[in-house]
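Engineer: Please see the structure below; I have some questions.
The values are calculated or read from the model by the stated rules, or taken from the named source; none is laboratory data. Because the structure is a prediction, the values reported are computed rather than measured. Quick reminder, even Gly has a Cβ in these numbers, built from the backbone with ideal geometry, and neighbours come from all protein chains shown.
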Amino acid sequence: MALRRPRIGEDRRGSASALLIVGLANPGTKYEGSRHNVGGDAVRLVAERRRVSFQVERRQRAETASFSTPLGVVTLAIPTTFMNESGAALPSLMRRVSISSAAQVLVAHDELDLEAGRLQIKVGGGLAGHNGLRSIAGVLGTNDFPRLRIGIGKPERKEQVTDWVLRRPTGAQRESLLIDVNCAADALEQAIELGLEEAQRRVNASRRD
């Protein structure tokens, strides 16, 4: 799936983008560095590498940053809502960057069903109980949008899941999570530079040991 350039004559309401990358995270210092925030952290790292700064877009309910690539403008976004309302940022944000197709919205998020150290790019599929994905799918009216799934693994017991995703890990687990965020940013860079199909082929064939 290559990045699509806007067609001549399309209704442009803002700076037209070829790809919108949305990193899911909860706002506030309480959740900084948590497993649930790895999607947003990976997107922030891409912005840091590209030397672009986020601006708070109150109308879009998101922080955004944009930059140009040979394949078109890419917009990075992190919703300022809590995770279960992530989709609320999309309608006005998509209008502003002249994106109308769910295929141009790449969502980076934490994934309990993948072990830590695993990344996967996929299009569509189930929501696996992820409230952020559920909110986005509800707004887009489809599950068929691309995702970067960032594996965070599961705790030993089901009742530990909430603490597992929301609390900041420490020690070796914290160091491992930082490496995973860096690898996730690498995967997003591949999607930006190579297009989604080639990035999917490369990312899904590799893993961090």
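Engineer: Return the only residue of 165, 181 being β-branched (Val, Ile, Thr), closer than 18 Å to residue 117 by Cα and in contact with a Ser or Thr (Cβ under 9 Å, 6 or more places away or on another chain).
Structural biologist: 165
Engineer: Run residue 144 past the list (1) touching a strand residue (DSSP E or B) at 6+ places or on another chain (Cβ under 6 Å); (2) assigned to a loop (DSSP other than H, G, I, E, B); (3) of a type outside the set (Lys, Arg); (4) within 21 Å of residue 17 (Cα to Cα) and report the number of the one that doesn't hold.
Structural biologist: That leaves (1) as the condition not met.
The rows are residues; the columns are (1) polar (S, T, N, Q); (2) on the phi > 0 side of the Ramachandran plot; (3) modelled with pLDDT of 90 or more.
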residue	(1), (2), (3)
54	no, no, yes
57	no, no, no
63	no, no, yes
67	no, no, yes
71	no, no, no
76	no, no, yes
81	yes, no, yes
87	no, no, yes
91	no, no, yes
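Engineer: Next question, about the same structure. Could you list all residues from the range 21-34 that are under 22 Å from residue 189 (Cβ atoms) and either modelled with pLDDT under 95 or surrounded by fewer than 24 Cβ atoms within 10 Å (Cβ to Cβ) (or both)?
Structural biologist: 33
Engineer: Residues in the range 60-74: is at least one buried (at least 24 other Cβ atoms within 10 Å of the Cβ), within 16 Å of the chain's Cα centre (by Cα), in contact (Cβ under 8 Å) with a residue 40 or more places away in the chain and not in a strand (DSSP E or B)?
Structural biologist: No, the range 60-74 contains no residue that is buried (at least 24 other Cβ atoms within 10 Å of the Cβ), within 16 Å of the chain's Cα centre (by Cα), in contact (Cβ under 8 Å) with a residue 40 or more places away in the chain and not in a strand (DSSP E or B).
Engineer: Next question, about the same structure. With the condition kept exactly as written, say whether any residue in the range 146-169 is crowded, with 21+ Cβ neighbours inside 10 Å, without any contact (Cβ under 8 Å) to a residue 60 or more places away in the chain and in contact with a helix residue (DSSP H, G or I) (Cβ under 8 Å, 6 or more places away or on another chain).
Structural biologist: yes
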